[in-house]
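Computed from the coordinates by the stated procedures, all read-outs in this text should not be read as laboratory data. Since this is a predicted model, take the numbers as computed values, not measurements. Note: ideal-geometry Cβ built from the backbone for every residue, glycine included; neighbour counts use all protein chains shown.
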Amino acid sequence: MAGGDKSQESDVPRQKSFATPETLKVGCIAMVYKEGKTRKAEILGVKDTKSGKQFYCNFDNFNKRLDEWVPLARVDLLQEVEWPNPEKPKDAKKSGGQATKKTAAPPSKKVQKRPFPREESVASEGGSTPHPFAEFAATQHSTPSADGNEKLTLALDLDATPGAEDDDPMDVDVEKSVSLAISAKAQPQENFDREEEIEKLRVGGSMTQNQAEISRIRNISKVQFGRYDLYPWYFSPYPETFAQEDLMHICEFCLMYYADPKSFDRHRSKCTMQHPPGNEIYRDDYVSFFEIDGRRQRTWCRNLCLLSKMFLDHKTLYYDVDPFLFYVMTTRDDKGCHLVGYFSKEKESLDGFNVACILTMPQYQRKGYGRLLIQFSYELSKIEGKLGSPEKPLSDLGLLSYRQYWTENLVEILLEHNERDERCSIEHLAALLAMTASDVESTLQALKMQVYHKGEHKIVVPTHLIKKHEALKEKFKTKPKRTIIAERIQWKPPVFTASNRTWGW
Amino acid sequence: MKRAQQPARVARVKKLSRSQGQQILREEEIDSREYEDLFQQQVNKITSGVEAAEETEIHLQAALAAATSGANEGEIPAPPADETPGNHYNILYQRSFDNPVSYIRFSNTVEDCTGCGYDMTSEDDVFLKEYNKKKSGGRYSEDFFEKIMAMFEETAKTHAPYASVDNTVVPFDTMKSVLVDRVRGEVGEFAKAFYDHWVIRQQLQPALKYETSKDNEDADPYVCFRRRDGRQTRKTRARDNASVDRLKKLRREMEDARGMVLATHQREIMKRDLLRTERMIFGQRAILKDTKVRLSIKSNDDDLINQKPQKRPRQSDVPARAPVVGRLPNGSIGPIAPELPQLSDIQTEKENALQRIIETKTQLHRKWNEDHIDLTREPLSPVEDRGPEPSFRPATAQYRYLTPPSSVNSEAFEQNALIQKEAEGTINRYSSPPVEIELQAQRAYRKRVGRLGRLWIDRRNMAPTPLNDNDVIMTDRWKYDQEDDDEQDVYPMDPYDITALRYRSTLPTRSERSAARPSPNDRLTAAALQPPAT
């Protein structure tokens, strides 16, 4: 299994040796303590602070939102460090066109180079040193299960010998996915073409898969927004000088951004906006939805995009907001309508997406708002008489939210059919929920509901899902479920003329 | 063993159609062991929609596994948001909000809602406070300061739109002139101080990076919100022409507008000059009056008031031209400005011209036909020996007169008719030589050109060659030279033959074709039955 995957990997021999605090540099892969364990981490940035050197680390198989600046104390220097390969354009040329293209693209900042796992396919030379992950996998196999997990603490462990690699927290189950990850991560790199993507983005879409685009160091450290302090997850192209600020202020209503507190005070004394600048198209006791045209409210929508970029990894701000509509969910109080989340939608999606970007603000996450956003997007699709699907790639949180929404709704419909002893086709399910048939299919498969049994395709609802469904039903008896009430939507699908299309919306 | 069976089982799986109705079971309705087995088959990977590189992240995998296995939902750790400590919020957000009863409709932009476009920074604050301290007199409020700064920014944007590229700094004089226009009244010395402060601060304003030129910024992560070029529309000649026309029209209209503006400008300048002159005259007169009083000059005060403009002598000219008017029908129309040409004049002129053309054409025709003798024996047209030249046969309507212009009155129409009559007398007529002159039995040929350029040669009075019965070809030549009107072929016809009737009955009748409309079918059939008259 592992061997098969190994053959697919682009083997890049990397120099390994011990490092000193002085020699640690951008591109190194070192073992760094995180959540009580040492983990492989790539150093993406180095900075000097008063308390000493700090390293910006991206942890292997951790989402980038968990990237962080770590002090030297957390870097395990007793383990060997993998050094970034020096660029060898000649070798790269030999290995094929793609690699040449990659190296030709000038990433002026070293940060954009990702030695692992998003590395270039450079021709192997010698092959004496195996790939770090292959070696890692091998050691995993040779050593029985890691019982030393508890041994490790955050403090530097003097016991940590080179053999300490054995103590890596990843158990054998994960290991498979690790090797999978390498091949998976290598793939998009190979057939990725930046120009192609820019062209694709020009005509539609808002998500990028460009690694250089998304593998950036977070530039804003803290944002004061309304009643909350937000800690951004990802890079966002706010003015460059903001990167040096400890705190950035964003006006809760017009979303203007200020590094200077005095400016922000002045702005607040003048700003009269109290809700998103568009038409309210939905209202219930709990939330309101506003529809905002990217072309008419360019400043506001740009501000919203900048704000949401801090929490959406794959969102791209390469092109302007004109071809999008923004559906903004708010809660009301005596101060105004507060931004809870939003989704954007292409005015005319060639791929039939009904959502481009979708985000619940961090301060409102895990409260069920995401489900409302998703439901609203499907209600709009129902009004349009279309089947919709969110634009890919989804983020991890996005996938979970969508899975949850899909599962709950599918289970409900399936159980109803089961009670009435009716048959149900995938298309029927899709039409009921305004989901695309392929989304229905993938959900059924992911939840192990789609089976082939006794020469027939059947849908089986697993017991745990039935239990969950009944539990929810119980819960909603006492506390009514928050849903979008379709009758309260006052909305007609906006119509755009040919000239809109020609002249960039 | 199971493993050996698997491939066979997998191969047998029918393809699942999306429209196929599927049975829905609960998990307990199926044997649990069997259920477990069923998933051994599933090999195809599920597309999750998450980017492949991130699909393997530990936390996501854990959460997904939890969702499928029914364990407690795994959470993906994310940096949380904190509530800002202190009463900061209520100070900053003081306005209270009344939710309207109806759904909000709103189209103001951010710029509309934020008032002055400049928000002063801490540095500005320090500067202004110090400046105000230095100045004992006029204190400038923060609002005023911001207003001035916004004006600087705005002016800079219009005067040096590429400042971000070439670092142009708009000079103070330009700013000052704008300020003078905007701020009614005197521009205090604050302007210079503010301007100097602005120049220092200008470069420090944090701003988003927008695209500036094509090269070298694709990789810059800070450049955002690029313009999307419009989609290519299909290029056709018609579209090209249409846009060219539209452009031309637009240009014309713009030029018209420009002309109008210029003319208006000219007019206003003249008005101003006129006013100035009058004022000057008034002043001069006042001086003159004073002088007169002082020197006690007694004269009429004609030069102190404006004389009434003299009556224009032109008015007396009008009666002289009256006859022109008189020619108009009714004569009820009042005098017309003499320089205007009369309609009737133009009409007569036109008619004369027409007449001249007609005459020249007649002359021409006569010339062409001078030596023409028409020797045809019986010209197709009836001979009318009215014309002066009998050798011409009559031809009607050789010339078509121009239709009278639609706007002319009835009288003009009559005039036209008169001319026509007159012209009729001069019309050329052709006639063949008198019949008596014609030689009997003279051979004659006539060449005719028929439709589609077919050439015909008519012969007349050909002496029949001695008949040679054997010479079939020769006889055949003359076959049609004889006119045998009274000798027509008789086709034998059986009046009681029903073939025609039978044929007719097979045809769909009209009533069949349109049952609604009754038609005189019987009569038609009867007519068809009748034998042709012989």
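For this structure, a couple of remarks:
- Charge tally in the Cβ shell below 11 Å around B:VAL170, where Lys, Arg are +1 and Asp, Glu are -1, B:VAL170 excluded: -1
- Note on A:ARG423 and B:LYS249: the model spin-label points, each 7 Å out from Cα along the C-beta direction, lie 6.1 nm apart.
- In this simple spin-label approximation, B:THR174 and B:ASP273 carry label points 7 Å from Cα along the Cα→Cβ vector, and these lie 3.4 nm apart.
- Region B:81-151 and region A:38-53: distance between their alpha carbon centers, rounded to Å: 39 Å
- A:ASP320 long-range amide H proximity, modeled H, under 5 Å: B:ARG226, B:ARG228
- Shielding by other protein chains, A:63-70, mean Cβ within 10 Å: 3
- Region B:290-310 versus region A:429-505: alpha-carbon centroid distance in Å: 100 Å
- Stretchable slack from A:SER269 to A:GLU348, in nm (0.36 nm times residue separation minus alpha-carbon distance): 24.6 nm
- With R₀ set to 51 Å, the beta-carbon distance separating B:THR236 from B:GLU359 gives a calculated FRET efficiency near 0.40.
- Placing R0 at 41 angstrom, the Cβ-Cβ distance between B:VAL490 and B:ALA444 gives a FRET efficiency of 0.80 after rounding to 0.05.
- Inter-chain shielding of A:397-410 (mean C-beta neighbours from other protein chains, 10 Å cut-off): 3
- Cβ neighbours within 10 Å from other chains - mean over A:454-460: 6
- Computed E for B:LEU288/B:TYR210 - FRET, C-beta separation, R0 56 angstrom, nearest 0.05: 0.25
- Amide H partners (placed H, <5 Å) of A:MET248, local residues excluded: A:LYS222, A:VAL223, A:GLN224
- Dipole of region A:305-396 [Lys/Arg +1, Asp/Glu -1 at C-beta], most positive-end residue of A:HIS338, A:VAL321, A:ALA356: A:HIS338
- The amide H of A:SER389, built 1.01 Å from its N in the peptide plane, has A:ASN354, A:VAL355 as neighbours under 5 Å, considering only residues 5 or more places off or on other chains.
- Distance violations [Cα-Cα > 32 Å] among A:LYS40/A:LYS345; A:LYS382/A:LYS477; A:LYS37/A:LYS200; A:LYS335/A:LYS386; A:LYS47/A:LYS262; A:LYS16/A:LYS64: A:LYS40/A:LYS345; A:LYS37/A:LYS200; A:LYS335/A:LYS386
- Spin-label pair B:PHE97/A:GLU199, simplified geometry with 7 Å Cα→Cβ offset, distance in nm: 4.5 nm
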